[in-house]
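K.L.:
To start, I am sharing the structure in question, which I have written as structure tokens.
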Amino acid sequence: MSENYASPDSTLLQVDQLTLEFGGLRALDHLSFQVQSQEILALIGPNGAGKTTCFQCITGFLPPKLGEIHLHPPHHQTQQLNGLKPYQIAQLGVARTFQSIRLYEKQSVLENVMMGRQIRTKTSMLGVLLRDRRTRAAEQQIREDSFQLLKRMELEQYAQATADSLPYAAQRRLEIARALATEPFLLLLDEPAAGLNRQETEALDELLVELRKEFQLTILLIEHDMQLVMKISDRIIVLDHGRKIAEGPPQEVRQHPEVIRAYLGEQAIS
């Protein structure tokens, strides 16, 4: 388990009674939890437990039927996320990656990161049209900042290659780099180790812990790789059929009877 960065009075995200149904099937069932500042919190559970649906609600892609989601940005007023668009939530400092990689495949690797960086620019439409000095300087700064992120993610050698030409593990890192370009304080990662081999997953373990410290990030993680989850998480929440069935430190959760039952036939927690 990683070093615990959280403190009792540092709630960053609060989810209360989140409920969502699809055609009579309850995907989330009065789900409540808190995310503490600069912790790594893992959401785990069998397939169909509601993990990605929870992410979709937090980031504005799906409106919940019931419940409230509140963000407590550092040094800013509390914001209710219900009803906000995904780009508005991103502007508040919440970034995410997706279970299925979503890159601009035919754009360059550098351009992909620059796309994320655009959300932090203040260039006016008039400036874009006229290409004035301020606009050109802003574009150059975006390019430089984006390249520095590529260097941090050890992707600078691919900067001018198209995103779809990268090895799979590099595409995973590129998606994280693009999310970081938005300057988040809360980063949601949806199965970042999916499709990676053991060596690549171990490298991801180290990377996430380093990024948390370097960028003062809070990380909310969905992941099926239990070795990764148990190694880097400060806390774990277990979902089953949209309900929270367990919550606590990794060593406590792995021994919880309901967790063991939920995972029988799918994957043992070891």
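The values are calculated or read from the model by the stated rules, or taken from the named source; none is laboratory data. Since this is a predicted model, take the numbers as computed values, not measurements. Cβ sites come from the backbone with ideal geometry, for glycine too, and all protein chains shown count toward neighbours. Protein only, heavy atoms only, side chains kept; ligands, DNA and RNA dropped before computing areas. Shrake-Rupley method; radii C 1.70, N 1.55, O 1.52, S 1.80 Å.
K.L.:
Note down all Cβ pairs under 8 Å where the first residue falls in the stretch 138-160 and is modelled with pLDDT of 95 or more, the second is polar (S, T, N, Q) and open to solvent by less than 20 Å² (accessible area, probe 1.4 Å), and they're at least six residues apart or on different chains.
P.N.:
Close Cβ pairs (under 8 Å, with a partner that is polar (S, T, N, Q) and open to solvent by less than 20 Å² (accessible area, probe 1.4 Å)) amount to 159/108; 160/108.
K.L.:
Another question, then. Is there any pair linking a residue in the stretch 224-243 that is without any contact (Cβ under 8 Å) to a residue 40 or more places away in the chain to one that is open to solvent by less than 40 Å² (accessible area, probe 1.4 Å) and outside any helix (DSSP H, G or I), with Cβ under 6 Å and at least six apart or on different chains, and which?
P.N.:
Taking only residues 6 or more apart or on different chains, the pairs are 225/193; 228/193.
K.L.:
Still on this structure, I have one more. Among the candidates 252, 206, 258, 202, single out the residue that is within 22 Å of residue 19 (Cα to Cα), surrounded by fewer than 16 Cβ atoms within 10 Å (Cβ to Cβ) and not β-branched (Val, Ile, Thr).
P.N.:
Of the residues listed, the single one that is within 22 Å of residue 19 (Cα to Cα), surrounded by fewer than 16 Cβ atoms within 10 Å (Cβ to Cβ) and not β-branched (Val, Ile, Thr) is 258.
K.L.:
Give me the pairs, please: first residue somewhere in the stretch 190-219 and more than 26 Å from residue 93 (Cα to Cα), second residue anywhere and surrounded by fewer than 19 Cβ atoms within 10 Å (Cβ to Cβ), beta-carbon distance under 7 Å, and either six or more positions apart or on two chains.
P.N.:
Close Cβ pairs satisfying both conditions: 195/168; 196/169; 200/169.
K.L.:
Taking residue 129 as meeting all but one of (1) at pLDDT below 85; (2) touching a helix residue (DSSP H, G or I) at 6+ places or on another chain (Cβ under 8 Å), write down the number of the exception.
P.N.:
Of everything listed in (1) at pLDDT below 85; (2) touching a helix residue (DSSP H, G or I) at 6+ places or on another chain (Cβ under 8 Å), residue 129 misses just condition (2).
K.L.:
Looking only at the stretch 174-208, which residues are closer than 19 Å to residue 118 by Cα, in a helix (DSSP H, G or I) and not small (Gly, Ala, Ser)?
P.N.:
174, 175, 176, 178, 180
K.L.:
While we're looking at this one, here's another question. Could you tell me whether the stretch 33-53 includes any residue that is open to solvent by 30 Å² or more (accessible area, probe 1.4 Å) and in contact with a Lys or Arg (Cβ under 8 Å, 6 or more places away or on another chain)?
P.N.:
Yes, there is a match, as at least one residue in the stretch 33-53 is open to solvent by 30 Å² or more (accessible area, probe 1.4 Å) and in contact with a Lys or Arg (Cβ under 8 Å, 6 or more places away or on another chain).
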